[in-house]
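Notes to accompany the following structure.
The values are calculated or read from the model by the stated rules, or taken from the named source; none is laboratory data. Fair warning: this is a prediction, and the values are worked out from it, not measured in the lab. Please note: Cβ atoms are built from the backbone with ideal geometry, for glycine as well, and neighbour counts cover all protein chains shown.
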Amino acid sequence: MNNINIRKVAVVGCGFVGSATAFALMQSGLFSEMVLIDVDKDRAEGEALDIAHGMPLAKPVQIYAGNYDDASDAAIIIVTAGANQKPGETRLDLVKKNAAIFKSIMPEFAKRECKGIMLIVANPVDVLTYAAVKYSSLPVNRVIGSGTVLDTARLKYLLGEHLGVDSRSIHAFIIGEHGDSEFAAWSSANVSGVPLHDFCEMRGHFTHEESRLAIEDGVRNSAYEIIKRKHATYYGIAMAVKRICEAIIRDEKSVLPVSSIVNGLYGINDVALSMPAIIGKDGVEDLVPIRLSADEHKKLLQSAEVIKKVINEAL
């Protein structure tokens, strides 16, 4: 059995998302050792060297390019490896390409009896989180997808802009698939304990349904809008990954809408999707059953079916 080095992280895949994540984690001070792994070893070495040159200006981190052996004692293994989402392509279009990649790399971690947390970031993240559990032999609580952590941040950002209030004071979640069937759980949304509906009226907003639809569409289309303009999204997701890593390494018991295998909650079984979850050193400790309206419950079941259909077709 490998001993876990709580100060070590492995990043698998050194494309835009992987390298931005490595950069965000280097600045976070969470880790003292970071290994970058990529099928293109030169790319991994180049990224490691580029970030390492900033060490005199930051907190010390030993950062280097390595292989699967180097990841065996990492506290967190972050998997960003996969094909990129192209303009006009949905996240679910990626599934067949990326499922094949996971079939080849996950057994490498199983073989080395990795005991850390596996954090899946590659898309479609829900399907690949399910694939990671299937192919890695890791316990379900130790396989986490980045899920709708970024989508939820986008929701809070847009609500903050709309209401003229600090987005950190907003408590609301995007749940379900990290993709087109995701939705905002408006029933449980509040601003510092004040129901969202009441807070909106306090700030002079009365067209609730219209505003909700516009904001929800803004969240759902955010990635497409960014990809249309700069061909990739990576800074936002890198910050979301850093936030999840903080919750794990510091054993924060933070509630974050990560993707994980759901069994029993809301009548959903054997599928990975995003629900608020308590995150600590052992990964997912518990799912948090937030209040949903009948319509939201129906949307969640529909979202689960969308993911399940792709899982059945691709894995």
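Within region 122-151, how many residues are among the aliphatic types (A, V, I, L, M), crowded, with 24+ Cβ neighbours inside 10 Å and either over 17 Å from residue 311 (Cα atoms) or touching a His at 6+ places or on another chain (Cβ under 6 Å) (or both)?
The total comes to 3.
Would you point out which residue out of 204, 179, 218 is more than 24 Å from residue 79 (Cβ to Cβ), assigned to a loop (DSSP other than H, G, I, E, B) and not assigned by TED's automatic domain parsing to the domain that holds residue 28?
Only one candidate qualifies: 204.
Answer yes or no as to whether residue 155 is modelled with pLDDT of 95 or more, more than 17 Å from residue 276 (Cα to Cα), crowded, with 20+ Cβ neighbours inside 10 Å and over 14 Å from the mean Cα position of the chain (by Cα).
It is false that residue 155 is modelled with pLDDT of 95 or more, more than 17 Å from residue 276 (Cα to Cα), crowded, with 20+ Cβ neighbours inside 10 Å and over 14 Å from the mean Cα position of the chain (by Cα).
In region 118-150, what residues are at negative phi and small (Gly, Ala, Ser)?
122, 131, 132, 136, 145, 146
So how many residues does region 113-171 have that are among the basic types (Lys, Arg), in contact with a strand residue (DSSP E or B) (Cβ under 6 Å, 6 or more places away or on another chain) and without any contact (Cβ under 8 Å) to a residue 40 or more places away in the chain?
The total comes to 1.
Condition (residue is under 25 Å from residue 130 (Cβ atoms), among the polar types (S, T, N, Q), touching a Ser or Thr at 6+ places or on another chain (Cβ under 7 Å) and part of a helix (DSSP H, G or I)) applied to region 74-87: is it met by at least one residue?
no
Looking at region 95-104, can you tell me whether even one residue there is within 13 Å of residue 122 (Cβ to Cβ) and assigned to a loop (DSSP other than H, G, I, E, B)?
Within region 95-104 (the criterion being within 13 Å of residue 122 (Cβ to Cβ) and assigned to a loop (DSSP other than H, G, I, E, B)), the answer is no, since none of the residues qualifies.
Looking at region 36-56, can you tell me whether even one residue there is in contact (Cβ under 8 Å) with a residue 24 or more places away in the chain, among the basic types (Lys, Arg) and part of a loop (DSSP other than H, G, I, E, B)?
The answer is no, given that none of the residues of region 36-56 is in contact (Cβ under 8 Å) with a residue 24 or more places away in the chain, among the basic types (Lys, Arg) and part of a loop (DSSP other than H, G, I, E, B).
Out of 254, 274, report the one residue that is under 13 Å from residue 176 (Cα atoms), modelled with pLDDT of 95 or more and within 19 Å of the chain's Cα centre (by Cα).
274 is the lone residue from the list that is under 13 Å from residue 176 (Cα atoms), modelled with pLDDT of 95 or more and within 19 Å of the chain's Cα centre (by Cα).
Residue-wise test of (1) out of contact with any Asp or Glu (no Cβ under 6 Å at 6 or more places or on another chain); (2) aliphatic (A, V, I, L, M); (3) outside any helix (DSSP H, G or I); (4) under 23 Å from residue 297 (Cβ atoms).
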{"site": "135", "(1), (2), (3), (4)": "yes, no, no, no"}
{"site": "156", "(1), (2), (3), (4)": "yes, no, no, yes"}
{"site": "161", "(1), (2), (3), (4)": "yes, no, no, no"}
{"site": "213", "(1), (2), (3), (4)": "yes, yes, no, yes"}
{"site": "224", "(1), (2), (3), (4)": "yes, no, no, no"}
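In region 255-290, which residues are part of a strand (DSSP E or B) and among the small types (Gly, Ala, Ser)?
Hits for region 255-290 are 259, 260, 272, 274, 277, 280, 283.
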